[in-house]
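Some notes on the structure that comes next.
The values are calculated or read from the model by the stated rules, or taken from the named source; none is laboratory data. On a predicted model such as this, the values are computed, not experimentally measured, just so you know. Cβ placement follows ideal geometry from the backbone for every residue including glycine, while neighbour counts extend to all protein chains displayed. Ligands, DNA and RNA are stripped out before the accessible areas are found, and what is left, the full protein with its side chains, is counted by its heavy atoms. Shrake-Rupley method; radii C 1.70, N 1.55, O 1.52, S 1.80 Å.
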Amino acid sequence: MISILAPVLAVWAYASVQLYALAVRRGRRGVRSSALRARAALIVGVLLTLPAVAVDPWLAPLLLLPAGAAVLLTLPRLGALIRPLYADPWGPSDPAVRRATLDPALTVPAPAGLLGALVAGLAPTGAAAALWYGIVAVAAAGLTLAARSRRTRLERQRIGRLPRMLVRAPRARYDIPELPERHTVAA
């Protein structure tokens, strides 16, 4: 069973890395090349998933749900991301492009497929399979929440809004007793 899942696992891992790296690419050409590699890896991952499911039907939810999410959610968004990058491949990536690369629907299905392939390697059957399905579903929800948090954090940094910082007030040696001990300063 592991020999069938090894290529599936490798392809989902490669697609996950390429999709995660989209947000940190500075140039339009880097975003385009990474998106093209991710799209090819997703297509190959979906095609390699089908024979693995034919071998063991208990693996179907673990492998087909992330593959279906990749086909329905990620591939159309990657196509929409790649199309405008062909027109002008040079220069820095636009804020709209960077915002699109942080979309959880773009970044979550590949790691969920990777997680499903990892759990499928344990070959769950029967009642244990239902437990593993639930664990993978909770982990995929956690991945989605983490992707949303990452998107918010990176967008906040790029537009110059950082979280508030607490700065200690000067000590008594400066003879300013009327200041409170702490006050907030927006960065």
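Below is a table of values for the structure above.
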| item | result |
| --- | --- |
| Counted residues, region 1-50 - those being within 19 Å of the chain's Cα centre (by Cα), within 10 Å of residue 117 (Cβ to Cβ) and hydrophobic (A, V, I, L, M, F, W, C) | 6 |
| Complete set of residues in region 74-92 that are under 18 Å from residue 37 (Cα atoms), open to solvent by less than 70 Å² (accessible area, probe 1.4 Å) and in contact with a helix residue (DSSP H, G or I) (Cβ under 7 Å, 6 or more places away or on another chain) | 74, 75, 78, 81, 82, 85, 89 |
| Number of the condition not met by residue 21 [criteria: (1) under 20 Å from residue 151 (Cβ atoms); (2) open to solvent by 50 Å² or more (accessible area, probe 1.4 Å); (3) not hydroxyl-bearing (Ser, Thr, Tyr)] | (2) |
| Candidates 70, 96, 110, 128, filtered to the one that is farther than 25 Å from residue 37 by Cα and either at pLDDT 90 or above or open to solvent by less than 70 Å² (accessible area, probe 1.4 Å) (or both) | 128 |
| Region 94-122 residues that are over 15 Å from residue 41 (Cβ atoms), paired with ones that are among the acidic types (Asp, Glu) (beta carbon under 9 Å, 6 or more apart) | 95/155; 98/155; 99/155; 102/155; 120/56 |
| Region 130-149 residues that are without any contact (Cβ under 8 Å) to a residue 24 or more places away in the chain, paired with ones that are in a helix (DSSP H, G or I) (beta carbon under 6 Å, 6 or more apart) | none |
| Residues of region 30-50 that turn out to be open to solvent by 20 Å² or more (accessible area, probe 1.4 Å) and touching a Ser or Thr at 6+ places or on another chain (Cβ under 9 Å), as a count | 2 |
| Selection count, region 1-41, where residues are more than 17 Å from residue 100 (Cα to Cα) and without any contact (Cβ under 8 Å) to a residue 12 or more places away in the chain | 4 |
| Total residues in region 52-66, condition open to solvent by 70 Å² or more (accessible area, probe 1.4 Å) and in contact (Cβ under 8 Å) with a residue 40 or more places away in the chain | 3 |
| Test: residue in region 118-127 that is closer than 18 Å to residue 23 by Cβ and among the polar types (S, T, N, Q) | no |
